[in-house]
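In what follows, a single structure is set out as structure tokens and then discussed.
The values are calculated or read from the model by the stated rules, or taken from the named source; none is laboratory data. What you see is a predicted model, and the numbers here were worked out from it, not measured in a lab. Here the Cβ positions follow ideal geometry from the backbone for every residue, glycine too, while neighbour counts run over all protein chains shown. These area figures cover heavy atoms from the full protein model, side chains too; ligands, DNA and RNA do not enter into them. Shrake-Rupley method; radii C 1.70, N 1.55, O 1.52, S 1.80 Å.
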Amino acid sequence: MLKPILTVLLSIFLVHSQVLAGDSLRIKSYPILKKVIEAKKANFTVDLKPGSGIIKIGHPHFDNWDNRIIKTEENTYITINGTGQLFKIEKPQNDSLSLKRLDNTHYYGYNFFCINFEYNGDIYSFGGMGLWRVNGQLRIFSEIKKEWDIVPLNKETPAISDAYFFDRSQGKLYYLARSYMDISTNKNIQQDEWYVIDLNKKITSLIGKVHPQILEAIHDQISSIRFKCYPLPDYQGTIITDHEKLFKFIQFSDMAMYEITNKQVLQTLKATAIGKLDNLFSVDSTFYYSLAYSDTLDSINKVGVFFDRNSKQDIVASAFPIRTYNFLFITLGILISGGALFYFRNRKNQHLADPQIEQKSLNFDSLEKVLIQKLKENLYEGISIAEVNDLLGLTKKPISIQKKNRNDVILKINNKYKMMSMSKEDLIIRKRDENDKRSFIYFINEEAAIEAQAEN
């Protein structure tokens, strides 16, 4: 009796494996894919906005997840965010492309918003979030095993793709590691620092604290959801922007950032603030970009230098140069600090009693932002319990744990929103599913959405 059961289970597993690791897919040849494939002797990546869904594999979990294009001198690859799935473009035709599935990955949900890049013929994946943690793992794709292997580093510094740049000439990955809430321990991890990984030595090193201008943008509870970087290997740097106030170009070779002054580039970047810009990349000093829900690809030809070289600033927060000040000044600083400490100790109880004092220090963590963004994208149709579980990495958990953890995350979001906005309304609400009265659909509170849109 046992042998037939095992045979059936094995058959099911093999069929499932064949579906997940299919030999090839046929997809539409979007203009952006045509342009990337045409680029000769170029190495860059293109991050496509969540919901772009260039790859349609017929899987309900992955069809609407964002894709990332990895262009190398020889090939063009596509990954699906959060899955570890890796495809290689083969046999381009007029209206369609053939994609070959390279990996045998079965597990997903651990590397949302990871950083992908190619170096010396190998595809890498770094960092990301999921399964209740933000990680700092460096992974390399093994063509032999068809899986991702961990590359040991001297230390693991968790990060997601907020701001980064891969310097191919030096084999160095520069990235921003920002503060976040560790859901597994319910602790705030304070970072907000620049790091660099030397791929040749497999060493992670601290560069310094993030400059206050950048820090303000990434910790704004609205802009941080849209904070984005656009790596431009043509210019040996990356654009970082909150699409409202911060428009900087960073060159890590001299640890400096510059103000973006090109009007066309600024106008394109500002389109993201109202949800229009889907992606941005450059080939031979020409900027290419596409708008959300559009099959067209626009360009800004021969941009040249698009930033002000005279606006040079350090990317790190300035250290306090104690050695340049005399003893009297240092003593005065100590006295002022002591007086301030005494003052704030006396006001401690008042601060704790006033919830408005704490509201500016509250920020949504990475996982909460993902859920909020998904709800904003589905403003009127909402998202189901299954979709919420999927976003929060709860799909494989017992139902009781799913419900508890789901409710905990939504409760935290609503409490933070109430304190930040001084509102009595919840940010996330739920309604009975019209098709199944036993279930619920989650929505963003319409008043909150209107308020957020006004801020945009």
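For (1) loosely packed, with under 15 Cβ neighbours inside 10 Å; (2) touching a strand residue (DSSP E or B) at 6+ places or on another chain (Cβ under 8 Å); (3) under 24 Å from PHE44 (Cβ atoms); (4) free of Cβ contacts under 8 Å to residues at least 60 places away in the same chain, each residue gets a yes or a no:
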{"position": "SER161", "(1), (2), (3), (4)": "no, yes, yes, no"}
{"position": "TYR164", "(1), (2), (3), (4)": "no, yes, yes, no"}
{"position": "LYS187", "(1), (2), (3), (4)": "yes, yes, no, yes"}
{"position": "ASP198", "(1), (2), (3), (4)": "no, yes, yes, yes"}
{"position": "GLY208", "(1), (2), (3), (4)": "no, yes, no, no"}
{"position": "HIS211", "(1), (2), (3), (4)": "no, yes, no, no"}
{"position": "ILE239", "(1), (2), (3), (4)": "no, yes, yes, yes"}
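Residues in the stretch 116-137 that are touching a residue at least 60 places away in the same chain (Cβ under 8 Å) and within 21 Å of ILE183 (Cα to Cα): PHE126, MET129, GLY130, LEU131, TRP132, VAL134, GLY136.
From the list TYR124, TYR77, TYR108, pick out the single residue that is crowded, with 16+ Cβ neighbours inside 10 Å and in a loop (DSSP other than H, G, I, E, B). Please lay out each step first, then the result.
On the way: TYR124 fails: in a loop (DSSP other than H, G, I, E, B); TYR77 fails: in a loop (DSSP other than H, G, I, E, B).
Exactly one residue qualifies, and that residue is TYR108.
Here GLN137 meets the list (1) surrounded by 21 or more Cβ atoms within 10 Å (Cβ to Cβ); (2) closer than 19 Å to TYR175 by Cα almost entirely, failing just condition (1). For ASP47, the stated conditions do not hold, so it cannot be described as in contact with a Gly (Cβ under 7 Å, 6 or more places away or on another chain) and at pLDDT 60 or above. Scanning the stretch 253-270 for residues that are without any contact (Cβ under 8 Å) to a residue 60 or more places away in the chain, touching a strand residue (DSSP E or B) at 6+ places or on another chain (Cβ under 9 Å) and open to solvent by 20 Å² or more (accessible area, probe 1.4 Å) yields ASP254, GLU259, THR261, ASN262, GLN264, LEU266, LYS270.
Of SER169, SER205, all but one fail to be among the polar types (S, T, N, Q) and not in a loop (DSSP other than H, G, I, E, B); the exception is SER205. Kindly indicate whether SER253 is out of contact with any Gly (no Cβ under 6 Å at 6 or more places or on another chain), under 27 Å from TYR119 (Cβ atoms) and part of a loop (DSSP other than H, G, I, E, B). The answer is yes for SER253.
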